[in-house]
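Here's the structure we're looking at; comments come further down.
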Amino acid sequence: MECGDKLILVVDDEKAIRESISDFLEDTGCSPDTAANGREAVEMIRSKKYDAVIVDLNMPEMDGFEVLERVAPENPNMPIIVLSGVGVIDKAVEAIRKGAWDFLSKPISSFSVLQITLNRVFERARLRAENRLYREHLEEEVRRKTAQVIEMSRSLIAAQKEIILKLGDVVETRSHETGNHVQRVSEYTYLLSKLYGMTESEALDIKLASPMHDVGKIGIPDNILNKPGDLTEEEFAVIKTHTSIGYSIFNTSELPVLKLAAEIALYHHEHWDGSGYPNGISGNNIPVSSRITTIVDVFDAVSHSRIYKDAWDIEESCSYIKANSGKMFDPELADLFINNIEQFLEIHHRFTE
C-alpha cells in the first residue's frame, strides 16, 4: 500500500489495538493520529482534514455509531472504516447504512486485510474525487454552452433539432460510438411513438428529444466511459450517474423539448419490473417517452458493435427484446416493436455504420 502522506485517524478505546494499527500505518508510510474515544475523535475530525478514519463501534462515552452520525454527513468524501467484533455483522451493516465505507472484524487476524481494505476505500475515494472534478467542470461548461444555444434558438425549431443532434453526436463520439446511433434512435422513437398511437406533434417531440438520452455521459471520466473490460462496482456506480447529470443539464430549461430531453435522460435506464436505475420505478410510473427510448436504445446497442462488445445479429437482438418484455421493457411497446420489426429494420439499414 502506498500511503504517501495520508493522514489517518485510529479510534479505539483499547490502547493495544490503537497502537498496533498505528504502528502498521507508520510502517506503510501513513501518518496516523489516535483517539481513545468517540468524543475525542469527533473533535479531532472537525479540527483536521483526515484522509480516512478507522473507528471501533464498541466504545464507552460515545460509540462508533454516534461518531458516524456526527461526522459522516459533514465529511461524505472521507472514507470511514469501522471495526466490529466477530459475529456482529448486523452492527457492521447498520454502520454502512449510517455512512461507513467498509468494515473489519476484531481482532484483526492479519494486517494484510487492513491493507486491502485501505487500498479499496482510497481507490473509491479517488474515483469519487475524479468524477466530482469532471462534473464540476463539464456540467458548468455544458450549462454555459447550452444557455447560449437556447438564447439564440428559442423560436427556431429547426435550429433546435440540428443543435440537439450535434450535441448527441458529440456525446456518442466521446464514447467511441458513431453519430448514426443518435440518428437511428431518433427515427426509431418517432416510429414506435406513432405505432403506439401518439399524435404527430407528440411523436416529433420525442424524435427531437431522444437523441439526448445519453448527454450525461459528458460528465463521466474517459477512463471509465471507454474502458474495454468489465467495470468495477465503483466504476459502474459512476456510470449510472449519467442519468441524473443529463437531467440536471436540461431540466431548468423553459423549452418543452429540452424538458422532455431531461425526462428521457433521467428515466431511460428504468426497467418495467422496477430493477433499473436511478430511482427503481416500475411500470407506467416510468414516462412513456423513456419507455419508448429504452427499447430502441437497447436494440440499437446490441445490434451494433461497441467498445466492450461485438454486434449481435438481428434475430439475436430481437430475441433479447422478447426475452426482456415485462422485465426491462413495457410489454405492449415490446410487442409493437417486434410485430413491426421490418419497419425498424428499414431505418437500421438506412442509417448503417
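The values are calculated or read from the model by the stated rules, or taken from the named source; none is laboratory data. Just so we're clear, the structure is a prediction, and the values are computed from it rather than from any experiment. FYI the Cβ positions are ideal-geometry reconstructions off the backbone, even for glycines, and counts take in every protein chain you see.
Residues that are buried (at least 17 other Cβ atoms within 10 Å of the Cβ) and among the small types (G, A, S) were ranked within the stretch 273-317; the one that is farthest from R350 (Cα to Cα) is G276. Looking across I8, I21, I17, I45, one residue alone is among the β-branched types (V, I, T) and closer than 15 Å to F122 by Cα. It is I8.
K145 - would you say it is more than 28 Å from D5 (Cβ to Cβ), in a helix (DSSP H, G or I) and more than 27 Å from the chain's Cα centre (by Cα)? Answer is no for this residue.
The residues of the stretch 303-353 that are hydroxyl-bearing (S, T, Y), closer than 19 Å to W272 by Cβ and not in a helix (DSSP H, G or I) amount to a single one, S325. Looking at G38, G85, G29, just one residue is modelled with pLDDT of 90 or more and not aliphatic (A, V, I, L, M), and that residue is G38. Under the condition of being crowded, with 16+ Cβ neighbours inside 10 Å, part of a loop (DSSP other than H, G, I, E, B) and basic (K, R), the residues counted in the stretch 1-55 number 1. When D90, D63, D51 are checked against the criterion of being within 19 Å of V121 (Cβ to Cβ) and charged (D, E, K, R), D51 stands alone in meeting it. Within the stretch 184-204, none of the residues are in a helix (DSSP H, G or I), within 29 Å of A129 (Cα to Cα) and basic (K, R).
When restricted to residues that are in a helix (DSSP H, G or I), of a type in the set (G, A, S) and touching a residue at least 12 places away in the same chain (Cβ under 8 Å), the stretch 95-142 contains 3. Taken over the stretch 222-272, residues that are in contact (Cβ under 8 Å) with a residue 60 or more places away in the chain, among the small types (G, A, S) and either part of a helix (DSSP H, G or I) or surrounded by 23 or more Cβ atoms within 10 Å (Cβ to Cβ) (or both) amount to 2.
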